[in-house]
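These notes are about the structure you will find just below.
The values are calculated or read from the model by the stated rules, or taken from the named source; none is laboratory data. A quick note: this is a predicted structure, and the numbers were derived from the prediction, not measured. So basically every Cβ, Gly included, is an ideal-geometry build from the backbone, and we count neighbours across all protein chains shown. The area values use the complete protein model at the heavy-atom level, side chains included, leaving out ligands, DNA and RNA. Shrake-Rupley method; radii C 1.70, N 1.55, O 1.52, S 1.80 Å.
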Amino acid sequence: MAGSRSEKLARLVRVQRQMERMAEYELSLTMYAQAETDATQEALVNAVGSFNPIHTAMSHQYAQRFQRLSARSQMLAGAKGVQERKMLTEKTKADRLADQAGQAAQAEDRLETDESLLDLLDGSLRRR
């Protein structure tokens, strides 16, 4: 598993960016579920508020459903907060690794330049 430090760090950056995308995807699923829950709650409120006799007869079931949806909405809000923090953490890790990979690449470039200059100097001194 030979490779330069910058190559290893670049590979880690790619992995970390993938982790960040996965966290974003999980957050988007949670936000989608939250939107569906909110829409269902709104539909229930409209049904309970209507004057249709069928909805009036079902008001107790609607109230129970609304309570379950409220509990789910709270759970999704908590999950959303956790996932937002996870996404931010993964992004921060990836940014730090990218910075380290850039610094390692610069250090390797400097080292390579120094070695080529030393080789050039050594070659010119041997000719004399």
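Being open to solvent by less than 80 Å² (accessible area, probe 1.4 Å) and touching a helix residue (DSSP H, G or I) at 6+ places or on another chain (Cβ under 8 Å): is that true of residue 63 here?
Details: open to solvent by less than 80 Å² (accessible area, probe 1.4 Å): yes; touching a helix residue (DSSP H, G or I) at 6+ places or on another chain (Cβ under 8 Å): yes.
Answer is yes for this residue.
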**Residue that is nearest to residue 75 (Cα to Cα) [pool: residues in the stretch 30-45 that are free of Cβ contacts under 8 Å to residues at least 40 places away in the same chain and in contact with a helix residue (DSSP H, G or I) (Cβ under 9 Å, 6 or more places away or on another chain)]** = 37
**Request:** Assess whether residue 66 counts as being over 30 Å from residue 96 (Cβ atoms) and not in a helix (DSSP H, G or I).
**Result:** no
**Request:** Can you run down the residue pairs with Cβ atoms below 9 Å, 6 or more apart or on separate chains, where the first is in the stretch 67-83 and closer than 16 Å to residue 39 by Cβ and the partner is open to solvent by less than 100 Å² (accessible area, probe 1.4 Å) and acidic (Asp, Glu)?
**Result:** 69/38; 73/38
**Request:** Filter the stretch 1-57 for residues that are in contact with a Lys or Arg (Cβ under 9 Å, 6 or more places away or on another chain) and over 24 Å from residue 83 (Cα atoms) and give the result.
**Result:** 1, 3, 44
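What number of residues in the stretch 84-128 are of a type in the set (A, V, I, L, M, F, W, C), open to solvent by 90 Å² or more (accessible area, probe 1.4 Å) and more than 16 Å from the chain's Cα centre (by Cα)? Break it down stepwise before answering.
Our first condition is that a residue be of a type in the set (A, V, I, L, M, F, W, C); within the stretch 84-128, this holds for 87-88, 94, 97-98, 101, 104-105, 107, 111, 117-118, 120-121, 125.
Filter once more, so that each one left must be open to solvent by 90 Å² or more (accessible area, probe 1.4 Å): 88, 111, 117-118, 120-121, 125.
Filter once more, keeping what is more than 16 Å from the chain's Cα centre (by Cα): 111, 117-118, 120-121, 125.
Total satisfying the criteria: 6.
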**Request:** Filter the stretch 21-73 down to residues that are farther than 30 Å from residue 93 by Cβ and among the basic types (Lys, Arg) and give me whichever is farthest from the chain's Cα centre (by Cα).
**Result:** 65
**Request:** Report yes if some residue within the stretch 106-114 is basic (Lys, Arg) and not in a helix (DSSP H, G or I); otherwise report no.
**Result:** no
